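**Student:** Please read through the structure below; I'll follow up with questions.
The values are calculated or read from the model by the stated rules, or taken from the named source; none is laboratory data. Here the structure is a predicted model, which is why all the values come from computation and not from measurement. Here Cβ is always computed from backbone atoms with ideal geometry, including for glycine, and neighbour counts include all displayed protein chains.
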Amino acid sequence: MNFVATHHAQLADAWTIVRLSLHVLGACVWVGGQLVLAGLVVTLRGISHDAPGKVAKAFARFTWPAYGLLIVTGIWNVAAVGSSATSNWNTVFGIKMFFVVVAGLGAFLHTRATSPKAKGVFAGVGMIGTIAAMVLGVALGG
């Protein structure tokens, strides 16, 4: 791998800073929040049997708006790339969008599941989709 820059580094313009900052903020809540909540489940169960569900419902008030923010800023990101996208970029973007849908669907089905097994399966599916979308998003950043 060649890590030597082939062009001069420059600061982003104001709108790029806003767009990317909002996207990263949404990702922090969506991705980071899921990881933190997953790590707290055992502790929450120790507090009370219904504590994980109560915390998850409260958490959803933050995560679903963050997911929406990711979608809106993701569309904005694609618009900013415009026609300069290569075929490889477009391929990776398509795969990322698949995982964005998997992440959202997994999280949604997790909230609707009634059995612990189904909740665990859908949480896992959502997390795999989330992490894959995040990694592919980093790749798209160039």
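**Student:** Please tell me if residue 46 is more than 20 Å from the chain's Cα centre (by Cα), modelled with pLDDT of 95 or more and farther than 21 Å from residue 121 by Cα.
**Tutor:** So residue 46 fits the description; yes.
**Student:** Suppose the filter is surrounded by fewer than 17 Cβ atoms within 10 Å (Cβ to Cβ) and under 11 Å from the mean Cα position of the chain (by Cα); does residue 101 pass it?
**Tutor:** Yes; evaluated as a whole, the condition is true for this residue.
**Student:** From the list 64, 76, which residue is among the aromatic types (Phe, Trp, Tyr), within 20 Å of residue 20 (Cα to Cα) and touching a Lys or Arg at 6+ places or on another chain (Cβ under 8 Å)?
**Tutor:** 76
**Student:** Taking the criterion of being surrounded by 17 or more Cβ atoms within 10 Å (Cβ to Cβ) and within 25 Å of residue 20 (Cα to Cα), would at least one residue in region 108-125 satisfy it?
**Tutor:** no
**Student:** Report, by residue number, each residue of region 69-98 that is free of Cβ contacts under 8 Å to residues at least 40 places away in the same chain, assigned to a helix (DSSP H, G or I) and either of a type outside the set (Val, Ile, Thr) or crowded, with 16+ Cβ neighbours inside 10 Å (or both).
**Tutor:** Listed by number, the residues that qualify are 79, 82, 83, 84, 87, 88, 90, 94, 97, 98.
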